[in-house]
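Heads up: the structure comes next, in C-alpha cells.
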Amino acid sequence: MPEAGEIAQPNGAASSASTDTANNTEAVRTLAVRVEALVFAAGEPVAISALAAALEVTPAEVEAALGWLAEQYADRGIRLQQMRNTVRFVTAPELAEAVQRLLGMEGAARLSAAALETLAIIAYLQPITRPQLEMIRGVNCDGVITTLLARNLIQELGRAEGPGHPMRYGVSDEFLNHFGLLSLAELPPLEHLDVVVSQALGADKPGHQPSAA
C-alpha cells in the first residue's frame, strides 16, 4: 500500500509505459538491422545524413540505431567506427597483427618521432594549418605533412581565412585504424600523450631505431 500522502499509480499506466519502452527498443533494433546493411554495403565511410536519407528516417534515429549496433559489436571481431559524421565497419584493434600477417603488411614502416609529434598536434588541435604547426614545433613541416598525407593519416579540410588562405589539416579514418581507435573520443588525455608516442615508436623495445618519416 502507498505511504500516507502518496498517490497510487494505476497498474494500467505502468503497463503502458513498459509497452512503449519495449516498442521503442524493437523499433531501434529493426532500424539498426537496416542501417547495418547499408554501412556494410557502402564499403567505405558513409555519412549519417546519407543513411538517414536512404532509409527515410531522421539522423537522430540513425544515431540511436548506431548506438545499438556499437553495443552489439563491442566484443566482436568487427567494430563500428565513427569519424566526425561518418561511420564504417572495421576490424577489432586487438586483431591488427593477425590482419597484417594475413594481408602481408608486417613490414609496414613505422612513423618517425617527427611524424608522430606532428600527427599528435593535428589530432588534438585540428583543424590546423602548416604555419600553425611550424609555430608549435619550431621547424619546417613540409616533408612530414607530405608523408602523413601519403600514408593517408591526415586529410585536407579546406583553406583557412586570412593571408595566403593556408590549407587546414585534420586526421583521417586511417588515423583511427592505425592507432586502434573507434572514434576521436577515444584519444588519450593530453597528460598521457608522451606514453602513447613512446609506445607507438616502440621505444620500450631495446635496440629499436625508428625509421624516417
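Worth pointing out:
- Around the amide H of Leu157, modelled in the peptide plane, lie the amide H atoms of Arg168, Tyr169, Gly170, all under 5 Å away and 5 or more residues distant in sequence or on another chain.
- For Tyr73, no residue 5 or more places off, or on another chain, has a built amide H under 5 Å of its own.
- FRET efficiency estimate (nearest 0.05) - Cβ-Cβ, Glu26 to Ala53, R0 35 angstrom: 0.90
- The phi-based Karplus calculation (6.51 cos²θ - 1.76 cosθ + 1.60; θ = phi - 60°) puts the 3J(HN,Hα) values of the stretch 82-88 at 10, 10, 6, 10, 10, 9, 6 Hz, whole numbers, x for Gly and Pro.
- Here the Karplus curve 6.51 cos²θ - 1.76 cosθ + 1.60, taken at θ = phi - 60°, turns the phi angles of the stretch 155-166 into couplings of 9, 7, 10, x, 8, 7, 6, x, x, x, 6, x Hz, with x standing for Gly and Pro.
Here, each number is a calculation from the coordinates, and none is a lab measurement. Since we're looking at a predicted model, the values are computed, not measured. Don't worry about glycine lacking a Cβ; one is built from the backbone with ideal geometry, like all the others, and counts go over all protein chains shown.
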